[in-house]
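Everything on this sheet refers to the single structure shown next.
The values are calculated or read from the model by the stated rules, or taken from the named source; none is laboratory data. The structure presented is a predicted model; accordingly, all values stated were derived computationally and were not measured. So basically every Cβ, Gly included, is an ideal-geometry build from the backbone, and we count neighbours across all protein chains shown. Calculation scope for accessible area: heavy atoms of the full protein, side chains included, ligands and nucleic acids excluded. Shrake-Rupley method; radii C 1.70, N 1.55, O 1.52, S 1.80 Å.
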Amino acid sequence: IGLEIKVKGDLHIDEHHSIEDTGLALGEAFRKALGEKRGIARYGHFSLPMDETLAQTALDFSGRPYFVWDAPFKREKVGGMPTEMFEHFFKSFSDTSLCNLHIRATGTNDHHIIEGIFKSF
């Protein structure tokens, strides 16, 4: 899958709606692209090591949205983005794509944890 996402939001207010809406739009795009899901492998999982971090993502395009997040952060922000918004982005994706999505990560470097999660996803 090759994607390019352009977001124009209300960052002058805060980042919440831009991040949430991006997750919602991406999830909707996946749901529409998968259509009736004929001929796809419904399940997917991947583990990705990145230095001290291990990120794991498992998903099922079941039509039943469910989301599990287990990725604790020590910092409030990484790269100017509130770390709480990473969980919210993936929850939004799960809700609109109608997939069961589990994300877990361990590590000591929040940047590596976030990068590993996105790469495993």
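Amide hydrogen proximity for V68: with H placed 1.01 Å from N in the peptide plane, the residues at 5 or more positions away or on another chain lying under 5 Å are L101, H102, I103. Taking only complete DSSP H runs, can you tell me which helices of the chain stretch 18 Å or more along their own long axis by Cα positions and average at least -0.5 on the Kyte-Doolittle scale? Counting only whole DSSP H runs, the qualifying helices are 16-34. In order along the stretch 3-10, phi translates into HN-Hα couplings of 10, 9, 10, 10, 10, 10, x, 9 Hz, rounded to whole numbers, per the Karplus curve 6.51 cos²θ - 1.76 cosθ + 1.60 with θ = phi - 60° and x for Gly and Pro.
Sorting 88-95, 101-108 by average packing, meaning the other beta carbons within 10 Å per residue, from highest down gives 88-95, 101-108. On the beta carbon distance between E28 and D51, with R0 = 35 Å, the FRET formula returns roughly 0.55.
Here the calculated FRET efficiency for M81 and E36, from their Cβ-Cβ distance with R0 = 25 Å, stands at 0.10, rounded to the nearest 0.05.
Cross-link partners of K32 among lysines, defined as those whose alpha carbon lies under 27 angstrom from its own and excluding same-chain residues fewer than eight positions apart: K6, K8, K91, K119. Protein heavy-atom accessible surface, 1.4 Å probe, per residue over the chain: 62 Å².
Spatially, the stretch 50-82 and the stretch 22-43 are offset by 19 Å when compared through their Cα centroids. Projected label points at V68 and E15, each 7 Å from Cα along the beta carbon direction, are separated by 2.8 nanometres. When the P(r) is computed for the stretch 2-58, the part past 20 Å accounts for 53% of the Cα-Cα pairs. Just the protein heavy atoms count here, and of the accessible area of the stretch 3-93 at 1.4 Å, carbon and sulfur take up 54 percent.
Can you tell me which of 13-22, 71-80 comes out highest on packing, and rank the rest after it, using the mean Cβ neighbours within 10 Å?
In decreasing order of mean packing, 13-22, 71-80 become 13-22, 71-80.
Taking every DSSP helix (H) stretch of at least 4 residues in the chain, weighting each as -39,500 (n - 2.57) and dividing the sum by the residue count yields a mean residue ellipticity at 222 nm of -12000 deg cm²/dmol. In the stretch 1-105, Rg over Rh equals 0.98, where Rg is the alpha-carbon radius of gyration and Rh the Kirkwood radius from pairwise Cα distances.
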